[in-house]
Amino acid sequence: MKNNTISSALVLLLLGFLFTAPAHADGSVIRIDVQGVIGQGVQDYVERGIRIAEKDHATALLVTIDTPGGLLEVTKNTCTAMQNTNVPVIYFVYPNGATATSAGFFLLQCADVAAMAPDTSTGSAHPVSGQGEKMDETMSEKVTNFSVSYMKTLTERRNRNFEFAEKAIRSSESITAKDALAQNVIEVIAPDVESLLRKTHGMTFKKGKENIILKTRNAPVKQIKMNLRETFLQKVGHPNVAYILFIVGMYALIFEVTHPGTYISGVIGVACLVTAFVAFSVLPVNYLGILLILGGLAMFVAEIFIVSHGLLSVGGLTLFVLGSLFLFNSRETGVKLDIWLIVGVAGVTFMFIVIALAYIIKTLRSKVTTGDQGLMGTRGKVRLALAPEGKVLVHGEIWNARSQSGGTIEANAKIEVVERDGMELIVKPVENDS
């Protein structure tokens with residue numbers, strides 16, 4: 001009877017272990033390293049890391065992070081991917097000196113295990129625009145309230161300190177690793193990855209319907225690098241970079257149209273525009289803004305050909321600035337262009353238009369030097385005596401010529417063009433060539 005009781009207990013214990021420990025408990029740890037602004041490239045990188053971890057039945061996905069923040073929408077999408085995978089996700093603010101502020105703090109709180117290296121910090125998550133500027137009051141209140149409510153759902157998942165998290169959002173408070181551990185903002189402090197995996201070994205938590213027991217001690221670490229596409233999106237998927245590429249591309253194409261045959265400017269323009277629209281595809285673009293910018297550029301070009309005494313330039317500059325301000329849906333996402341970048345580009349454009357107009361006005365006021373009108377009053381030399389017809393040298397070209405008076409003009413005599421009759425010049429002798 002006693003043996004039966006022991007056997008039953010062992011069976012129950014074994015079943016309990018099978019149902020508690022997930023199938024991937026003895027796999028490797030997949031590591032990815034997030035550095036810089038949180039953008040579309042980072043989202044794709046993390047999602048690829050999750051897919052690899054799922055495919056390899058990894059024990060955990062380890063994300064080392066060092067970031068000043070990033071796009072709110074991208075952060076939310078990344079958190080959603082982390083929450084909906086069955087692979088445990090460990091976020092580690094690393095190395096020493098790293099930070100996980102703003103969007104990085106959201107990702108840290110979204111992780112199943114939050115860890116920091118000793119000399120690191122996190123927090124300071126008050127919503128700002130894409131360039132770190134303060135938003136207007138209405139927009140700031142709207143985004144802040146959403147951020148607080150979203151943060152509450154993240155902290156409640158792992159019973160972390162929501163009181164500090166709310167202060168980090170509303171008051172931009174930050175915290176060191178030591179204080180974060182003491183105040184239940186994170187679970188682990190570790191000097192390096194090896195130490196972190198030792199300290200997280202045996203940690204238990206519930207994820208979805210599954211009870212997780214981490215088996216990270218001595219687990220092999222497989223590091224995944226950013227691929228070319230993710231790196232490209234990380235570099236160009238910033239609103240300022242996308243804007244500069246778009247403007248440079250448009251100017252290069254305008255130069256190609258007005259100076260045909262250069263080719264290089266056309267190639268540069270197409271390359272910049274293609275790259276800009278790839279960046280626009282991962283940013284919250286308002287295409288009305290693009291249309292306004294294009295309208296402004298069209299008016300600038302029209303000013304070159306139609307002198308409106310600056311009216312077209314003023315209108316074009318107005319459309320250009322409005323289009324730049326409305327280029328991104330900032331009220332929904334907080335993403336917008338740096339105002340000083342807009343001012344700088346608009347200023348350079350205005351200077352270009354002023355220089356172009358000055359050149360046009362100078363050209364209109366200068367004496368015509370081409371065509372029939374350009375020949376009138378031009379002086380030359382008789383090459384073959386006119387009696388009354390012969391040949392003259394004008395502007396380095398030999399012309400058939402005829403004496404205006406019908407008389408004779410000797411060879412080598414100085415003449416002046418008074419009229420053109422088809423392919424023949426009507427000339428008169430220069431009486432006093434001083």
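The values are calculated or read from the model by the stated rules, or taken from the named source; none is laboratory data. What you see is a predicted model, and the numbers here were worked out from it, not measured in a lab. Positions of Cβ are backbone-derived with ideal geometry, glycine not excepted, and every protein chain shown enters the neighbour counts. For the accessible areas, the whole protein counts, side chains as well, though only heavy atoms, and no ligand, DNA or RNA atoms are used. Shrake-Rupley method; radii C 1.70, N 1.55, O 1.52, S 1.80 Å.
Annotations for the structure displayed:
- Modelled spin-label separation between Thr176 and Arg48, with each label point placed 7 Å from Cα along the Cα-to-Cβ direction: 3.8 nm.
- Set of aspartates and glutamates near Lys142 by C-alpha distance (under 20 Å), chain-local residues within fewer than 8 positions excluded: Glu73, Glu133, Glu163, Glu166, Glu173, Glu332
- Summarising the amide proton neighbourhood of Ala190: residues at separation of 5 or more, or on other chains, whose placed amide H is nearer than 5 Å comprise Met116, Ala117.
- Mean Cβ count within 10 Å, highest first, over the residues of peptides 39-46, 221-228, 346-353: 39-46, 346-353, 221-228
- Here the 3J(HN,Hα) profile of segment 156-162, calculated from phi with Karplus coefficients 6.51, -1.76 and 1.60 at θ = phi - 60°, is 5, 4, 10, 6, 8, 7, 6 Hz, Gly and Pro shown as x.
- The P(r) of segment 116-266 has a tail past 28 Å containing 50 percent of all C-alpha pairs.
- Summed side-chain charge close to Asp119 - residues other than Asp119 whose Cβ falls under 14 Å, Lys, Arg +1, Asp, Glu -1: -2
- Given charges at beta-carbon only (K, R positive; D, E negative), |dipole| of segment 35-111 in Debye: 60
- Potential lengthening between Trp340 and Asn84 on full extension [0.36 nm per residue; Cα-Cα distance subtracted]: 88.1 nm
- Between amide H atoms placed 1.01 Å from N, distances below 5 Å from Ala100 occur with Thr67, Ser121, Thr122, Gly123, all of them 5 or more places distant or on a separate chain.
- Heavy-atom accessible area order for Ile90, Ile189, Ile355, largest first, 1.4 Å probe: Ile355, Ile189, Ile90
- For segment 213-331: rounded, prolate or oblate by the Cα gyration tensor [a/c cutoff 1.5]: oblate
- Apolar share of the accessible surface for segment 377-434: 44 percent from carbon plus sulfur atoms, 1.4 Å probe.
- Whole-Hz couplings from phi, Karplus 6.51/-1.76/1.60, listed for segment 310-323; x for Gly and Pro: x, 5, 5, 5, 5, x, x, 5, 4, 4, 4, 5, 4, x
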